[in-house]
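The values are calculated or read from the model by the stated rules, or taken from the named source; none is laboratory data. Every value quoted in this text rests on a predicted model; they were computed, and no experiment measured them. Ideal geometry is used to build each Cβ from the backbone, glycine not excepted, and the neighbour counts take in all protein chains shown. Side chains included, ligands, DNA and RNA excluded: accessible areas come from the protein's heavy atoms. Shrake-Rupley method; radii C 1.70, N 1.55, O 1.52, S 1.80 Å.
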Amino acid sequence: QVQLVESGGGLVQAGGSLTLSCAASGSIHGINAMGWYRQAPGKQRELVGSITSDGSTNYASSVKGRCTISRDNAKNTVYLQMNSLKPEDTAVYYCNAFIWRPALVTVWGQGTQVTVSS
């Protein structure tokens with residue numbers, strides 16, 4: 001089985017920063033892309049950002065300029081650096097990956113809570 005383990009969530013004041021990490025482990029032939037989603041209570045899960053194996057990135061307009069996604073292919077790990085956090089960034093953040101096992105599958109992490117206080 002392939003697992004994604006997130007870490008780095010917590011409580012931060014508005015204007016502060018957090019770095020989230022997501023490490024993939026298990027039977028992996030390759031990872032095409034990894035990304036971060038978030039879901040606030042009563043809201044739909046939405047894409048925050050993603051990164052492909054060659055380093056191409058994509059960000060939601062709401063976080064563009066405040067977030068940076070990076071990836072360590074050797075460690076099968078993706079990072080989300082969030083700066084200038086706002087209360088509206090409060091949500092459960094989920095890691096997602098498209099992984100060759102060798103079949104292409106989508107795997108989700110358990111989520112990590114990010115709370116931004118005003």
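General observations
- Filter result (under 20 Å from I99 (Cα atoms), in contact with a strand residue (DSSP E or B) (Cβ under 6 Å, 6 or more places away or on another chain) and polar (S, T, N, Q)) within segment 8-47: S21, S25, N32
- Only one of the numbered conditions (1) open to solvent by 60 Å² or more (accessible area, probe 1.4 Å); (2) under 14 Å from E46 (Cβ atoms) is not met by V92, and that is (1).
- Residues in segment 22-77 that are of a type outside the set (A, V, I, L, M), part of a loop (DSSP other than H, G, I, E, B) and buried (at least 18 other Cβ atoms within 10 Å of the Cβ): N76 alone.
- All positions within segment 1-17 that are assigned to a strand (DSSP E or B) and either open to solvent by 30 Å² or more (accessible area, probe 1.4 Å) or not aliphatic (A, V, I, L, M) (or both): Q3, V5, E6, S7, G10, L11, Q13
- Taking each residue of segment 102-118 that is in contact (Cβ under 8 Å) with a residue 12 or more places away in the chain and farther than 10 Å from G9 by Cα and looking for partners that are open to solvent by 70 Å² or more (accessible area, probe 1.4 Å) and of a type in the set (V, I, T) with beta-carbon atoms closer than 8 Å, six or more apart or interchain, yields G109/V5; Q110/V5.
- Boolean, I69 is within 13 Å of the chain's Cα centre (by Cα) and β-branched (V, I, T): yes
- Failed condition for L80, given (1) in contact with a Gly (Cβ under 9 Å, 6 or more places away or on another chain); (2) of a type in the set (A, V, I, L, M); (3) surrounded by fewer than 17 Cβ atoms within 10 Å (Cβ to Cβ): (3)
- Those residues of segment 99-108 which are open to solvent by 40 Å² or more (accessible area, probe 1.4 Å) and either within 13 Å of the chain's Cα centre (by Cα) or over 19 Å from S53 (Cβ atoms) (or both), in sequence order: W108
- Of all residues in segment 109-118 being open to solvent by 40 Å² or more (accessible area, probe 1.4 Å) and not in a loop (DSSP other than H, G, I, E, B), the one that is farthest from Q1 (Cα to Cα): S117
- Residue within segment 56-66 that is touching a residue at least 40 places away in the same chain (Cβ under 8 Å) and within 15 Å of V116 (Cβ to Cβ) present: no
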